[in-house]
Amino acid sequence: AKQHTTSSVHYSPLSSNNMSSSQQSPLLFLIVGRNEPLYSAEFGKPPGTPITAQSITRQNFIVMHSALDLVDKSCWVNSNMYLKVVDTVNHQMISTFSTACHIKFMLLHTGKNEDAIKNFFMDVYELYTKLSMNPFYRFDTPITSKQFNARVKAAGRRYLS
Amino acid sequence: NNRTRRRKQTKNQPYSIDNNKDLLLTFIAFKMSRQTAMPTSILDRPLTRGRTEQVSLSAFGLMYSELVQYHQNRVSSIPELERRLESSGYGVGFKVLELLAFRGREAKRETRIMSILQFISVTAWKSLFGKGADSLERSLDNADEYMIFDNNPITSTFLSSHKSSADAYISGIIAGILEGAGFTARVQAVCPSADEGDARGIIGLPRRKDKAVFVVKFADKVLERDAALG
C-alpha cells in the first residue's frame, strides 16, 4: 500500500483560484516516486490571485492519489513513457509520464492539449535526468533543488499557459 | 641581479598594479567573466556524451582497486565484502538506467523480461565497458534464472584470485538496473568451474580463467507479471 505524505512537499504560492475565467483552472503537477510525492508545483494564472483553498488542494491530491493504481496498470501495458490521459474525474483529467525508473510525472488538468503537455513532460524529463545524475541525490527522495524548481516553473509557464 | 632589474622595470611602466587589492580585484573580475561563460549548474550541462569522451582502463583500475581496498579494510569476511561492493554498484544501476534511457531518445520503457535483459547485455554493457556482453542465456534447470556472460570483466581484469568477489560490483549494477525498471532480482557473479566448462561442450579450447557469469534470478511476482503480459 502506498503511504501518501504531504509533509515533504512544497506548496507553491503562485497558484490561482480564478474560477470565473473560461480558461483552465490551476494545474497541479506532481512527481511521484515509489512511495510518496517527490515534488509538486501548481501552474495557473499570474500571481496576485489568492492562494488556492486548502480544501481544493487536498481534493486535488486525493484525486491524484486515486489515479495511481490506473497509472501502475498502464505502465506495464504501454511501453511508451508518455501515457497520455490515464484517468478522468468529473471535468478533470490526469496525464502521466513514466520514466525508465518508474518515476511518474502526473498533471491534473482540464483542457485537452496533448502536444503542449507532452513537450512539458519531455522538458521535465530532461531536468529530472540531469538531477538524478547528481551523486548526492538519492533515488526516490524529495526534490529540494531550487534551480530545479525554478526551471520546472519556467517550463510550465512556457508550455501550459 | 635579475630580481633587482625586474623591480626597476615595473616601476617604469605607465600602468602598474600597485597594491595587492587591485591585483585581487582584477583577478576576481577575470574569473567571473570566465565563469559566466561556463555552465554553473548541473541542470545546464549536456547529457549526451561527446564522441571522444572516454575513461582509460588504468584510471578505472586504479580507482576501483582503491574502492575494493577501502571496503576490504572494514569487513571481516568475503561475503560481507561482496555485499558491500554490490551495494556500491546498486546506486550506479539506477542512474545508468535513467541516463541510457534518456540518451536512447525514444521515450520508451522496457516492460518484458527479455527486453530489459537485452537492454542490459547490449546497451548498458556497451556504454559501461565499451562492448556488449558476450552472451545472454536462459538456464535450462530453473525457469527464473538467466545468465549474462562476460569473458573479461574490467573489475577483475587485474586480479589473480577471488575474481567473482570483485565482480560483485557489476552484479550490483545489474541488480540496480533491474530494480529500477521494476524487475526485482538477485544477481550473483560466479566463475564457471571446470565441470561446467566441459559440460557446455567446448572441447579443445583452453579454459578461460577470467570468464565471469552473472546469474540473474528473478522474484516470483516478476515472472507472474511477465507471464500475464503474454
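The values are calculated or read from the model by the stated rules, or taken from the named source; none is laboratory data. This one's a predicted model, so the numbers in the text were calculated from it and none came from an experiment. Reconstructed Cβ throughout: ideal geometry from the backbone, glycine too, with neighbour counts over all protein chains shown. To get the accessible areas, we keep the full protein, side chains included, count just its heavy atoms, and leave off ligands, DNA and RNA. Shrake-Rupley method; radii C 1.70, N 1.55, O 1.52, S 1.80 Å.
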* Asked: Pairs under 7 Å by beta carbon, first residue more than 8 Å from chain A (Cβ to nearest Cβ) in the range B:98-113, partner among the acidic types (Asp, Glu) and open to solvent by less than 70 Å² (accessible area, probe 1.4 Å), six or more apart or different chains?
  -> B:ARG112/B:ASP226; B:ILE113/B:ASP226
* **Meets criteria (more than 7 Å from chain A (Cβ to nearest Cβ), in a helix (DSSP H, G or I), in contact with a Leu (Cβ under 8 Å, 6 or more places away or on another chain) and over 12 Å from B:GLU179 (Cα atoms)) for B:SER88** => yes
* Residue count, the range A:37-68 (criterion: modelled with pLDDT of 75 or more and assigned to a strand (DSSP E or B)) -> 7
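Out of the residues in the range A:116-137 that are assigned to a loop (DSSP other than H, G, I, E, B) and in contact with a Leu (Cβ under 7 Å, 6 or more places away or on another chain), state the one that is nearest to the other protein chains (Cβ to nearest Cβ).
First, the residues of the range A:116-137 that are assigned to a loop (DSSP other than H, G, I, E, B): A:133-137.
Filter once more, so that each one left must be in contact with a Leu (Cβ under 7 Å, 6 or more places away or on another chain): A:133, A:137.
Working: A:MET133: 6, A:TYR137: 9 Å.
So, considering only residues that are assigned to a loop (DSSP other than H, G, I, E, B) and in contact with a Leu (Cβ under 7 Å, 6 or more places away or on another chain), the one nearest to the other protein chains (Cβ to nearest Cβ) is A:MET133.
Can you tell me which residues in the range B:134-172 are aliphatic (A, V, I, L, M), touching a residue at least 60 places away in the same chain (Cβ under 8 Å) and open to solvent by 10 Å² or more (accessible area, probe 1.4 Å)? Steps first, answer last, please.
Let us first name the residues in the range B:134-172 that are aliphatic (A, V, I, L, M), namely B:136, B:140, B:143, B:147-148, B:154, B:159, B:166, B:168, B:170.
Applying the additional criterion that residues be touching a residue at least 60 places away in the same chain (Cβ under 8 Å) yields B:143, B:147-148, B:154, B:166, B:168, B:170.
Scanning the range B:134-172 gives B:ALA143, B:MET147, B:ILE154.
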* Filter result (in contact with a Leu (Cβ under 6 Å, 6 or more places away or on another chain) and facing chain B (nearest Cβ under 8 Å)) within the range A:70-84 -> none
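From A:ASP87, A:ASP140, which residue is facing chain B (nearest Cβ under 10 Å), farther than 15 Å from B:ALA101 by Cα and touching a residue at least 12 places away in the same chain (Cβ under 8 Å)?
Just one listed residue meets the conditions, A:ASP140.
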* Structure fact -> Note on the range A:83-139: residues over 13 Å from the mean Cα position of the chain (by Cα) and among the aromatic types (Phe, Trp, Tyr) are A:PHE136, A:TYR137, A:PHE139
* Asked: So, of the residues in the range B:61-85 that are among the hydrophobic types (A, V, I, L, M, F, W, C) and in a helix (DSSP H, G or I), which turns out to be most open to solvent (accessible area, probe 1.4 Å)?
  -> B:MET63
